[in-house]
Amino acid sequence: MKHILLFGPPGAGKGTQAKLLVEKYKFMHLSTGDMLRDEIKRSTETGLKAKAIIDSGQLVPDEIVAEMVRLRIKNIKDNTGIIFDGFPRTIAQARNLDEIMNAENQEIAMMIAIDVNDDEIIKRILERGKISQRSDDQDINTIRNRIDTYNRQTAILADYYKQQEKFKFVDGIGTIEDIFKEICKLVEE
Ligand code: AP5
Ligand code: MG
């Protein structure tokens with residue numbers, strides 16, 4: 001089974017496309033954002049540490065996120081493909097992921113980047129903020145900080161996967177269905 005990284009700025013549609021991929025191909029969905037929000041809801045030690053960081057639009061420390069991922073995919077079954085959504089987000093996390101996958105005798109097949117411009121991102125997130133429970137969706141400054149953090153720390157990961165010839169790219173502007181079709185083509189290549 002293939003393990004795929006869905007990549008892109010906040011609001012690009014990673015979560016939306018991940019859900020569709022899970023329905024169609026029975027992947028396991030691994031969203032570090034969802035996992036952290038669950039830790040916050042349960043008021044765990046990790047959740048307590050993560051809350052203020054997420055609300056400021058910064059990244060939770062690499063060690064915390066990598067350990068969550070390691071525990072989640074420990075002893076993964078050979079036939080389970082994973083969709084990584086929002087992880088890795090730093091070079092250190094990408095290296096951690098390589099180590100975790102090596103230990104499980106697994107390999108990342110590709111990174112699929114979803115490209116969306118800042119204006120569209122802000123529009124989408126503010127719109128979702130009206131109905132979502134996400135505290136980081138409510139405030140334009142937090143959203144801008146999330147975009148800045150992405151540009152400063154995360155965007156560079158494209159190069160990491162380009163060097164390994166694993167980088168693929170889709171235009172993230174268009175209908176959810178059309179973008180999904182493009183992603184399916186890449187997954188089935
Ligand atoms: P995370 O939960 O990963 O959030 P994010 O990356 O900011 O991205 P979003 O979930 O907001 O967007 P998405 O790309 O999933 O888009 P979606 O499908 O929802 O991370 C949150 C925070 O947790 C981080 O800021 C950080 O603090 C922390 N964190 C998480 N992972 C971490 C890590 N690895 N390391 C350190 N810290 C970490 O779509 C957005 C909206 O647009 C939806 O309303 C959707 O319906 C709509 N939409 C989707 N597609 C389309 C389309 N084609 N056209 C129109 N609207 C669309
Ligand atoms: Mg998401």
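The values are calculated or read from the model by the stated rules, or taken from the named source; none is laboratory data. What you see is a predicted model; the values in this text were computed from it and never measured. Backbone-built Cβ (ideal geometry, glycine too); neighbour counts: all protein chains shown. Accessible surface is based on the protein model in full, side chains and every heavy atom, while ligands, DNA and RNA are left aside. Shrake-Rupley method; radii C 1.70, N 1.55, O 1.52, S 1.80 Å.
Data overview
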item: Within the range 38-54, considering residues that are of a type outside the set (Gly, Ala, Ser) and out of contact with any Gly (no Cβ under 9 Å at 6 or more places or on another chain), the one nearest to Ile143 (Cα to Cα); result: Ile53
item: Residues located in the range 123-134, provided they are open to solvent by 60 Å² or more (accessible area, probe 1.4 Å) and touching a residue at least 40 places away in the same chain (Cβ under 8 Å); result: Arg124, Arg128
item: Residue list for the range 40-57, restricted to those being of a type in the set (Gly, Ala, Ser) and either over 18 Å from Gly129 (Cα atoms) or out of contact with any helix residue (DSSP H, G or I) (no Cβ under 8 Å at 6 or more places or on another chain) (or both); result: Ser43, Gly47, Ala50, Ala52
item: Unique match (being over 19 Å from Val170 (Cα atoms) and away from ligand 1 (no atom under 11 Å from the Cβ)) among Lys2, Lys51, Lys41; result: Lys41
item: Residue list for the range 20-58, filter: surrounded by 15 or more Cβ atoms within 10 Å (Cβ to Cβ), charged (D, E, K, R) and within 13 Å of ligand 2 (Cβ to nearest atom); result: Arg37
item: When residues of the range 102-122 are limited to those that are open to solvent by 10 Å² or more (accessible area, probe 1.4 Å) and part of a helix (DSSP H, G or I), the one farthest from Val69 (Cα to Cα); result: Asp119
